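Below you'll find the structure, written out as structure tokens, and then a few comments.
The values are calculated or read from the model by the stated rules, or taken from the named source; none is laboratory data. Everything numeric in this text was worked out from a predicted model, so none of it was measured. No Cβ is skipped: glycine too gets one built from the backbone with ideal geometry, and neighbour counts run over all protein chains shown. Only protein heavy atoms, including side chains, enter the accessible area calculation; ligands, DNA and RNA are left aside. Shrake-Rupley method; radii C 1.70, N 1.55, O 1.52, S 1.80 Å.
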Amino acid sequence: MKAAVLYGNEDIRYDDFKTPEVKPGTVKVRVRATGICGSDIPRVLHNGAHFYPVVLGHEFSGDVVEVGEGVTKVKVGDTVSGAPLLPCLACDDCQNGNYSLCKHYSFIGSREQGSFAEYVVMPERNAIPYDSSIPYEQAAMFEPSTVALHGLFCNDYQGGETVAVLGGGTIGLFTVQWARIFGAKRVVVFDIVDSRLELAKKLGADEVVNTAQPDFMERAMELADGKGYGYVFETAGNTATMQMAFDLAANKAKVCFIGTPHLDLTFTPKQWENMNRKEFKLTGSWMSYSAPFPGKEWDLTAHYFATGQLRFDPALIYKTFPLSKADEAFALYKIPGEVKGKIMLVNEK
């Protein structure tokens, strides 16, 4: 088969690669669309891969073309997305249903060959059937949607509160929609890019705040009736928004860091004291899995994509490239500020 193969740092080539074989309990998927995740960028551009050569890619959709012995969940011709985590299923965390916390996991598209290819093979339990009316590009966004929803579950989310979403990227925009679906009183999105804020409003945000404006905090508090936000979701992984979360939180709020920081994060004593004085609860969120594997995050994404309540907008995709041009797609990430949204790779055949 053909695949976008990473041979070394900044060396990704469309090349021949061994086609994965179906084994008992696994399914083979013809990949139709696969997204570039933020975690793929350091793997390609900053010596971040576990080994070489490797086929990356873990956000994907396609058609089942072959099933192994014993498979009953899906059949040839089904449209499926893929849950990329391969937990050990034996450790204490897995036995308690906390698959995201497994220390002995493997992962499609980093530790196992992934979806930047014509075909990918995965265990039957990792195949997520979805309604065939859903476009392949939308279905390739199952994984970021589930990451957002897992953050809500980690934050013990309930409706009726004013919600702040810090970061208007793909995961932030899905967080907005899940907060709305489950009954937010008001959802406010914070970002510095006007186009992201416009898309946030299109996808259900009640209000948006550009944090590049000098008076943004005053506006933010007006939108929260001067009390702060009952739920705060940080989705950007930016040190500034992580600090901002402490300022925006209301008394007794619940704050969740979904984003992953890549720089040292420091708080002044006054900033950190916000957590003491407000008595808010702070939690992290990692990946997107729960029991029974892969979890309700995946089942609910399939359901709400099918009903249309979880919406897809073409503007979520910044650019689409054929898989054969994966090198050109990754080159865009070397230009600061160039990529504004998801880059999608599609198989041409």
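Structure summary
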read-out: Residue count, segment 1-50 (criterion: of a type in the set (Phe, Trp, Tyr) and closer than 24 Å to Lys340 by Cβ); value: 0
read-out: Condition broken by Ala224, with the remaining ones in (1) crowded, with 17+ Cβ neighbours inside 10 Å; (2) closer than 30 Å to His303 by Cβ; (3) not charged (D, E, K, R) satisfied; value: (2)
read-out: Filtered residue count, segment 28-54, keeping only those that are under 19 Å from Val121 (Cα atoms), without any contact (Cβ under 8 Å) to a residue 60 or more places away in the chain and in contact with a Pro (Cβ under 9 Å, 6 or more places away or on another chain); value: 0
read-out: Members of segment 251-265 found to be under 16 Å from Thr175 (Cβ atoms), in a strand (DSSP E or B) and not β-branched (Val, Ile, Thr), listed by number; value: Ala253, Lys254, Cys256, Phe257
read-out: Segment 82-95, residues that are free of Cβ contacts under 8 Å to residues at least 60 places away in the same chain and surrounded by fewer than 20 Cβ atoms within 10 Å (Cβ to Cβ); value: Leu86, Cys88, Ala90, Cys91, Asp92, Asp93, Gln95
read-out: Enumeration of residues in segment 106-141 that are under 29 Å from Asp15 (Cβ atoms), assigned to a strand (DSSP E or B) and touching a helix residue (DSSP H, G or I) at 6+ places or on another chain (Cβ under 9 Å); value: Ile108, Ala117, Ile128
read-out: Matching residues, segment 291-349, being charged (D, E, K, R), crowded, with 20+ Cβ neighbours inside 10 Å and under 30 Å from Asp92 (Cα atoms); value: Glu297
read-out: Selection within segment 151-203 - open to solvent by less than 10 Å² (accessible area, probe 1.4 Å) and in a loop (DSSP other than H, G, I, E, B); value: Asn155, Gly167, Gly168, Leu203
read-out: Segment 1-23: number of residues that are open to solvent by 40 Å² or more (accessible area, probe 1.4 Å) and over 15 Å from Tyr119 (Cβ atoms); value: 5
read-out: Hits in segment 204-221 (condition: hydrophobic (A, V, I, L, M, F, W, C) and open to solvent by 20 Å² or more (accessible area, probe 1.4 Å)); value: Val208, Ala212, Phe216, Met217, Met221
read-out: Qualifying residue in segment 63-81 (condition: assigned to a loop (DSSP other than H, G, I, E, B), surrounded by 18 or more Cβ atoms within 10 Å (Cβ to Cβ) and of a type in the set (Val, Ile, Thr)); value: yes
read-out: Answer from Tyr52, Tyr130 - the residue that is in contact with a strand residue (DSSP E or B) (Cβ under 7 Å, 6 or more places away or on another chain) and open to solvent by 50 Å² or more (accessible area, probe 1.4 Å); value: Tyr52
read-out: Condition broken by His104, with the remaining ones in (1) touching a residue at least 24 places away in the same chain (Cβ under 8 Å); (2) out of contact with any strand residue (DSSP E or B) (no Cβ under 8 Å at 6 or more places or on another chain) satisfied; value: (1)
read-out: In segment 232-264, the residues that are of a type in the set (A, V, I, L, M), surrounded by 13 or more Cβ atoms within 10 Å (Cβ to Cβ) and over 21 Å from Phe216 (Cα atoms); value: Ile258
read-out: Residues of segment 33-47 satisfying the condition of being in a loop (DSSP other than H, G, I, E, B) and open to solvent by less than 20 Å² (accessible area, probe 1.4 Å); value: Ile36
read-out: Selection from segment 108-117 of residues that are open to solvent by 20 Å² or more (accessible area, probe 1.4 Å) and either in contact (Cβ under 8 Å) with a residue 60 or more places away in the chain or under 18 Å from the mean Cα position of the chain (by Cα) (or both); value: Arg111, Gln113
